[in-house]
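Accompanying notes for the structure given below.
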Amino acid sequence: MFEARLGQATILKKILDAIKDLLNEATFDCSDSGIQLQAMDNSHVSLVSLTLRSDGFDKFRCDRNLSMGMNLGSMAKILKCANNEDNVTMKAQDNADTVTIMFESANQEKVSDYEMKLMNLDQEHLGIPETDFSCVVRMPAMEFARICRDLAQFSESVVICCTKEGVKFSASGDVGTANIKLAQTGSVDKEEEAVIIEMQEPVTLTFACRYLNAFTKATPLSTQVQLSMCADVPLVVEYAIKDLGHIRYYLAPKIED
Amino acid sequence: MQRGIDTFFKRL
């Protein structure tokens, strides 16, 4: 028996919004430690890794490890039927070929349940090695989304250059060149507005804008985003999900032809 | 040139 309950459907809606542009379907691996999802996008350029800890749920029970392959378009249709403040419960029997998603209004006067067929997905798991990153940047998630959106107008690629002075995002194309520099913040009143750079050595890497923009669909989940970079390894873009876990996106760098 | 993400990580 698997049962996981969250106090607010809005969190699940935001999580789905954060992955459904990259993935058509995905397997949710459930165990007593929580729910894990790891999947590459269709073109195998990026990888999504979602971790939801069991202690972050209002109720969590998973008697046997369970892999639930879900069509994310179908899941989105079901989640559209929830109000943001509804409780949401996901339930499945061991070895089941369906999952039930139930919504309850705060006053318990409306209860709806949706049974969704599960899929057998031929999923590959990738082992992600520990990396000592050359640069780790923490910055407001909204600012990162804004920069990615703005620079995508100028080029398919964005160059991220990180030094101890700050981080520079550049794009160059037919229109010309765009550069956006962010300096590390001195003192800020609010932690969520800070730009913090931890640098071992400077790094310059090039990434495809369209993937960065897809990652920023996670912005509503978190006030801050963390970018971890190292020469010739994938960029890690991480959004914390408060008290529940995190979503990490890995993006392969572009190299010169 | 865009590299694939699976060229960086080992298949388990």
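The values are calculated or read from the model by the stated rules, or taken from the named source; none is laboratory data. In this text the structure is predicted, and so the values were computed from the model without any measurement. FYI the Cβ positions are ideal-geometry reconstructions off the backbone, even for glycines, and counts take in every protein chain you see.
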Test: A:GLY173 is at positive phi and more than 14 Å from chain B (Cβ to nearest Cβ): no
Restricting to the stretch A:107-149, count the residues that are more than 21 Å from A:GLU165 (Cβ to Cβ) and either within 14 Å of chain B (Cβ to nearest Cβ) or of a type in the set (Val, Ile, Thr) (or both). 11
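Mind telling me which of the residues A:ASP113, A:ASP94 ends up being exposed (fewer than 14 other Cβ atoms within 10 Å of the Cβ) and part of a strand (DSSP E or B)?
A:ASP113
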Within the stretch A:21-78, restricting attention to residues that are within 14 Å of another protein chain (Cβ to nearest Cβ) and of a type in the set (D, E, K, R), which residue is farthest from the chain's Cα centre (by Cα)? A:ASP29
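With the condition being charged (D, E, K, R), I'd like the strands (runs of 3 or more DSSP E) fully within the stretch A:10-89 carrying at least 2 qualifying residues.
Values: elements: A:25-31, A:34-40, A:46-53, A:59-62, A:66-71.
Qualifying strands (runs of 3 or more DSSP E): A:25-31, A:59-62.
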Taking the stretch A:112-133 on its own, how many of its residues are among the small types (Gly, Ala, Ser) and closer than 30 Å to A:MET229 by Cβ? 1
Going through the stretch A:154-186 one residue at a time, which ones are touching a Gly at 6+ places or on another chain (Cβ under 8 Å) and among the aliphatic types (A, V, I, L, M)? A:LEU182, A:ALA183
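Sort through A:PHE133, A:PHE144 and tell me the only one that's in contact with a Cys (Cβ under 6 Å, 6 or more places away or on another chain), at pLDDT 95 or above and among the aromatic types (Phe, Trp, Tyr).
Unique residue meeting the criteria: A:PHE133.
What about A:PHE169, is it under 25 Å from A:LEU47 (Cβ atoms), out of contact with any His (no Cβ under 6 Å at 6 or more places or on another chain) and surrounded by 12 or more Cβ atoms within 10 Å (Cβ to Cβ)?
Yes; evaluated as a whole, the condition is true for this residue.
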Taking A:TYR211 as meeting all but one of (1) touching a helix residue (DSSP H, G or I) at 6+ places or on another chain (Cβ under 6 Å); (2) over 13 Å from A:MET139 (Cβ atoms); (3) among the hydroxyl-bearing types (Ser, Thr, Tyr), write down the number of the exception. (1)
What pairs can you find where one residue is in the stretch A:237-254 and free of Cβ contacts under 8 Å to residues at least 40 places away in the same chain, the other is outside any strand (DSSP E or B) and hydroxyl-bearing (Ser, Thr, Tyr), and their Cβ atoms are less than 6 Å apart, with a gap of 6+ or different chains? A:ALA240/A:SER222
Please go through the stretch A:118-160 and pick out each residue that is free of Cβ contacts under 8 Å to residues at least 40 places away in the same chain and closer than 24 Å to A:ALA39 by Cα. A:ASP122, A:GLY127, A:PRO129, A:GLU130
Considering each residue of the stretch A:116-132, count those that are part of a strand (DSSP E or B) and of a type in the set (A, V, I, L, M), and give that number. 3
